[in-house]
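Just so you know, all these numbers are worked out from the coordinates, no wet-lab data involved. Note that the structure is a prediction, hence the values are computed from the model and not measured. Reconstructed Cβ throughout: ideal geometry from the backbone, glycine too, with neighbour counts over all protein chains shown.
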Amino acid sequence: MQYKKGQSGNPTGRPKGATSKISAEQRDYLRNYILTNRKKFEKELENMKGKNYVQMYLTLMQYILPKPATAELKEVPKLEEFIAMTIEERQNTIEEIRATL
């Protein structure tokens, strides 16, 4: 038997957007691991230099700043271009991106 779009065989099933028990357990495990190993992570960050540090910084930023909708995406410089910028150019670029969020 085929169902119509948006229908299932269990209409009282898990609500749309609800996470599974396993996902919640995984999140709790990872949260605990990160909190327990925070000092080690901070020490490793302090030892990073140049391109690796910038890449890690930009990677972590995506978990802090809200993601813009596809229609709002502004062209951002590539990592190499970002690294080659002066401090003022970097700050201006960051402010421009922040203003679109």
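Structure values in brief
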| read-out | value |
| --- | --- |
| Rounded FRET efficiency, nearest 0.05, which uses the C-beta distance separating F41 from S20 and R0 of 35 Å | 0.80 |
| Förster-model FRET efficiency, 25 Å R0, R27 and I94, C-beta, rounded to 0.05 | 0.30 |
